[in-house]
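So the structure is just underneath, and the comments pick up after that.
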Amino acid sequence: MSQKYFILIFVLAFAYSGGESRRQPFACDPANAGTRNLRFCKTSLPIHVRVQDLIGRLTLQEKIRLLVNNAAPVERLGVSGYEWWSEALHGVSNTGYGVKFGGAFPGATSFPQVITTAASFNASLWEEIGRVVSEEGRAMYNGGAAGLTFWSPNVNILRDPRWGRGQETPGEDPHLVAQYAVSYVKGLQGGGGSGNTRLKVAACCKHYTAYDLDDWNGYDRFHFNAKVSMQDLEDTYNVPFKACVVEGNVASVMCSYNQINGKPSCADPTLLRDTIRSQWHLNGYIVSDCDSVGVLFEKQHYTRYPEDAAAATIKAGLDLDCGPFLAIHTDEAVRTGKVSELEINNALANTITVQMRLGMFDGPNGPYANLGPKDVCSPAHQQLALQAAREGIVLLKNIGRALPLSTQRHRTVAVIGPNSDATLTMIGNYAGVPCGYISPLQGISRYARTVHQQGCMGVACPGNQNFGLAEVAARHADATVLVMGLDQSIEAEAKDRVSLLLPGHQQDLISRVAMASKGPVVLVLMSGGPIDVTFAKNDPRVTAILWVGYPGQAGGAAIADVLFGAANPGGKLPMTWYPQDYVAQVSMANMDMRANPTKGYPGRTYRFYKGPTVFPFGAGFSYTRFSQHLVSAPITVSVPTLHSHLVSNNTTTLMKTKATLRTIHTNCESLDIDMHIDVKNIGDMDGTHTVLIFSTPPDPTETKQLVAFEKVHVVAGSKQRVKINMNACKHLSVADEYGVRRIYMGEHKIHVGDDLKHSITFQPSFEEIKV
C-alpha cells in the first residue's frame, strides 16, 4: 500500500474523531426525555423483560413492519429504523443494503475468499479473521456505515464441483466446514455464548439446508426441489448448521430458496421450529434468504394465496423476511385468522432479543463505542490478510524442487496469463471495497525484474492472437509464472459451471508457453472450484503448480512470497479435484452423497467417490518434509450401554454382528478420546504441517471420513507434539438410513494422514446409565 493511502486513512480518522458526528443511538437516547425512562430502556433489567415490555407497547401494524429486513422506525417510542442485511463473508461487504463505503470508511480489509482460507486448516486463524472483521464492522456501525447483523458465514457443503458459490464455502467435508463455522462465528460474535450473553456482532449461518445449486442445465435455485435422504441430511448437509448453533452459539440461521423433499425450507416447521429451535436450541432468529418467502409463493406456487405463504412461514418458525412479502401480506393473514398476533410476538421476541444483546437499546455507550476509522484497514489487519493468503496457498506439484525460485538465479521472470495482474478477481464474491490491492505482477516485481504478457483477453480466452508475445517473453526469461484460472464471469452466484476444464484457449496457452520457456514454468491457478488440469499435472515442462483460490487484497504479495520462498506453503485442498469425465456422468440435481454402482452413480466427495481424481482432498506439499509418529492413543474404548438397546448382551456376538448403539443410548460425555502425535520437520526449512485424522468404522459399507485436524508450525530439524481430542458420539458415529446417529461396536481404523494407521476397538460396557 502506498504512503499516500496511509495518509488518507489518517486524515479521515482524525476528522472522524475530532469533528464528524457518530451514529445517533438506535434507541433509548438519554437525550430523549420522552423515551429514556421507558422500561425497555432500563439496562438493569433482564433482556427478556425488556423485550416483552417493548413488544407490549407496539401496535399490530408496527409489529408487522418489523418483520422485514428494512425494519421501519417506531418514532413514538424513540426506536430508529434498521437495515438487517449486512454481509461479512471474508471482510465487511457492501453486498447487503446495510453497508455503505465512503467518507471516513473508504474500504475494509478484504481477506481471502473462504475456500482459500479453509485450505489453511487453521481454526485459530479462522477465529482471528472473524474477530478482525467484527472489529471493523463495529467501527463502521459506530460511524453509521454498517449494521450489526452480518449474514455470514456460508456453511453449505461443496457437493458438486460445478457450483458457482462453492468459493464461499469451506469445502466438501462436513467436519471441516463445521469447524470453520464454529471458529468464524466465535470470532465474529466475540464470546457471545449461550444464554443472553452480549454480542459484538451477530453472525448468521446460511443457507439452510441442502442448498448447492444455483443455475444449471434448466434447474435453478428458485424452483429446485432437493430430494435428500434422512441419512445424507444428518451426516452431511446439516452437520455444519448444527455445529453453528450448538457449538458456535450463532445468533441467526438463514433458510434457503430451495425445497427439501417437496417443502420450501422457509416454510418447513420440521426443519425450522422442530430442529433449529427445539432440538438445537437456537438463541437467536431465523431469517429467509432474500425474497425466499415471495419465491415460494410466486415461483414455487406452494400456497394458493399470499397470506397463506406469510402464515406458513411464520408458523414454521421464520422470524424475519429479507424482502417485503411479510410487510405486505401478514396483516391479511392475521385478519383472516391464519396466523395469530401471539405468533408474530414470538418472532419479534427473537429478533429484538438479538438487538438487545448487541447493545442497540443501551444508548450511546458500550464496550465497543471507542471503535472508529482507525480500527479499519489497520496495518495489523492488513498483515493478517497477507498471512491468511499465504496459509491458504496449496502446492500441488513441484518437480525437482523447482520452487522456491531464487532471486540470484531467476533475476528475470515472465509473468503471463489473464489473472497475472488481477485485482478485483482476487477478492472473489461477497466482497467489499478493499484497503488496496497487490496483484501477482506487483508482488513478483518485488523479487525480480518482470516481463508481462496477458496472453489471453480475459479468462474466457477466446483466441490465441497474443500467444506469440507470451512465448517470446518466456523464451527470454529465467523463469515463467503463468497465472491462469477463473473469475466471477465463470463461477458466481446464479452461475454454475458446465465444465471443469480451463475456459477457452487457456490450456493451449499454458502448453505453448511451457514449450517455449527456457527456465522453470510455474502454473498458478486462481479459482474457487476445482479445475481439471490433468494435462499440466502430467506435463514435465510444467514444473510446479500452485492453487491460490481467490487470495484477497494481498494475494499478489502472498503468491510472490511463496514463489520465492519467503513463505513455505502449507495449505491442503479442502475439496476433491475431479476429472472432466466425472461431471459428464453426474447430474448436479442428484443430491445423493453415496455411490450407487447398480445405477452407475459414482458418489460425491472423497468420502463416497472412489474413482480417479486430478488431485485428492487434502493434497498439498511443502518445501520441507515431515514425519509423524503416534505417541499414544487408546486401543479399546468401553461404551456404557443399556442391555435393552443392543441386539445381544453377549460381547462376542456383538463384535461379530457389528452391532451399533444409538448415541442417545450411551453417556457421550464419557467417550472422549485423546491421541498424541509427534510431528518432526526432517527437511531444511521451517514450515507448517496439518495433521489429518480419518476414521473408518467396522461396517464395510461405510467409508473413511475426516474426524479431526490440527495445524502445527515446526522449525527445521525439530519436532512438535500434537494433541488430538475426539468424542466417539460426535466424531466416530455414523448416521443410519433414518438419520439416527449410531456408534459401531468393533474395530475402528484410525488413519493419521496416509502413512500412519491405528485401531480403536469399541466394546459395550453393560451398566445402568441415565439416557
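The values are calculated or read from the model by the stated rules, or taken from the named source; none is laboratory data. Every value quoted in this text rests on a predicted model; they were computed, and no experiment measured them. We place every Cβ from the backbone using ideal geometry, glycine too, and count neighbours over all the protein chains shown. Only protein heavy atoms, including side chains, enter the accessible area calculation; ligands, DNA and RNA are left aside. Shrake-Rupley method; radii C 1.70, N 1.55, O 1.52, S 1.80 Å.
Here VAL201 passes the criteria (1) open to solvent by 10 Å² or more (accessible area, probe 1.4 Å); (2) among the β-branched types (Val, Ile, Thr); (3) modelled with pLDDT of 95 or more except the one numbered (1).
Going by what's in this entry, would ASP232 be described as among the acidic types (Asp, Glu) and assigned to a loop (DSSP other than H, G, I, E, B)? No. Among all residue pairs at least 6 apart or on different chains, which show Cβ distances below 6 Å where the first residue, located in segment 496-517, is at negative phi and the second is open to solvent by less than 20 Å² (accessible area, probe 1.4 Å) and of a type in the set (Lys, Arg)? That search, which allows pairs on different chains as well, returns ASP496/ARG162; ARG497/ARG162. When you check ARG162 against the structure, is it over 15 Å from the mean Cα position of the chain (by Cα) and either part of a loop (DSSP other than H, G, I, E, B) or within 25 Å of ASP212 (Cβ to Cβ) (or both), yes or no? Yes. If the condition is being crowded, with 18+ Cβ neighbours inside 10 Å and within 24 Å of the chain's Cα centre (by Cα), then segment 707-728 contributes VAL707, ALA708, PHE709, GLU710, LYS711, VAL712, ILE724, MET726. Meeting the requirement of 2 or more residues that are more than 29 Å from ASN154 (Cα to Cα) and either open to solvent by less than 10 Å² (accessible area, probe 1.4 Å) or touching a Cys at 6+ places or on another chain (Cβ under 8 Å) (or both), the helices (runs of 4 or more DSSP H) wholly within segment 33-118 are 47-57.
For (1) among the charged types (D, E, K, R); (2) more than 28 Å from THR353 (Cα to Cα); (3) free of Cβ contacts under 8 Å to residues at least 12 places away in the same chain, each residue gets a yes or a no:
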{"residue": "TRP216", "(1), (2), (3)": "no, yes, no"}
{"residue": "LYS227", "(1), (2), (3)": "yes, yes, no"}
{"residue": "MET230", "(1), (2), (3)": "no, yes, no"}
{"residue": "VAL250", "(1), (2), (3)": "no, no, no"}
{"residue": "GLN259", "(1), (2), (3)": "no, yes, no"}
{"residue": "LEU271", "(1), (2), (3)": "no, no, no"}
{"residue": "LEU296", "(1), (2), (3)": "no, no, no"}
{"residue": "GLU307", "(1), (2), (3)": "yes, no, no"}
{"residue": "LYS315", "(1), (2), (3)": "yes, no, no"}
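Could you list, in sequence order, all residues of segment 704-744 that are of a type in the set (Val, Ile, Thr) and within 21 Å of THR275 (Cβ to Cβ)? Passing the criteria: VAL734, VAL740. Filtered by the rule that a residue be aliphatic (A, V, I, L, M) and closer than 25 Å to VAL614 by Cα, segment 416-441 gives ILE416, MET426. Restricting segment 600-644 to residues that are part of a helix (DSSP H, G or I) and at pLDDT 95 or above, the residue that is nearest to VAL715 (Cα to Cα) is TYR606.
Of all residues in segment 751-771, none satisfies being among the polar types (S, T, N, Q), more than 23 Å from ALA243 (Cβ to Cβ), assigned to a loop (DSSP other than H, G, I, E, B) and open to solvent by 30 Å² or more (accessible area, probe 1.4 Å).
Can you work out which of the residues in segment 585-599 that are open to solvent by 30 Å² or more (accessible area, probe 1.4 Å) and assigned to a loop (DSSP other than H, G, I, E, B) is farthest from ARG165 (Cα to Cα)? So, considering only residues that are open to solvent by 30 Å² or more (accessible area, probe 1.4 Å) and assigned to a loop (DSSP other than H, G, I, E, B), the one farthest from ARG165 (Cα to Cα) is ALA595.
Open to solvent by 20 Å² or more (accessible area, probe 1.4 Å) and closer than 15 Å to PRO440 by Cβ: is that true of ALA566 in this structure? So ALA566 passes the test.
Within segment 491-539, the set of residues being acidic (Asp, Glu), open to solvent by less than 50 Å² (accessible area, probe 1.4 Å) and within 30 Å of ARG411 (Cα to Cα) comprises ASP539 only.
Of all the criteria given as (1) without any contact (Cβ under 8 Å) to a residue 60 or more places away in the chain; (2) of a type in the set (Lys, Arg); (3) surrounded by 24 or more Cβ atoms within 10 Å (Cβ to Cβ), the one not satisfied by ARG138 is (1).
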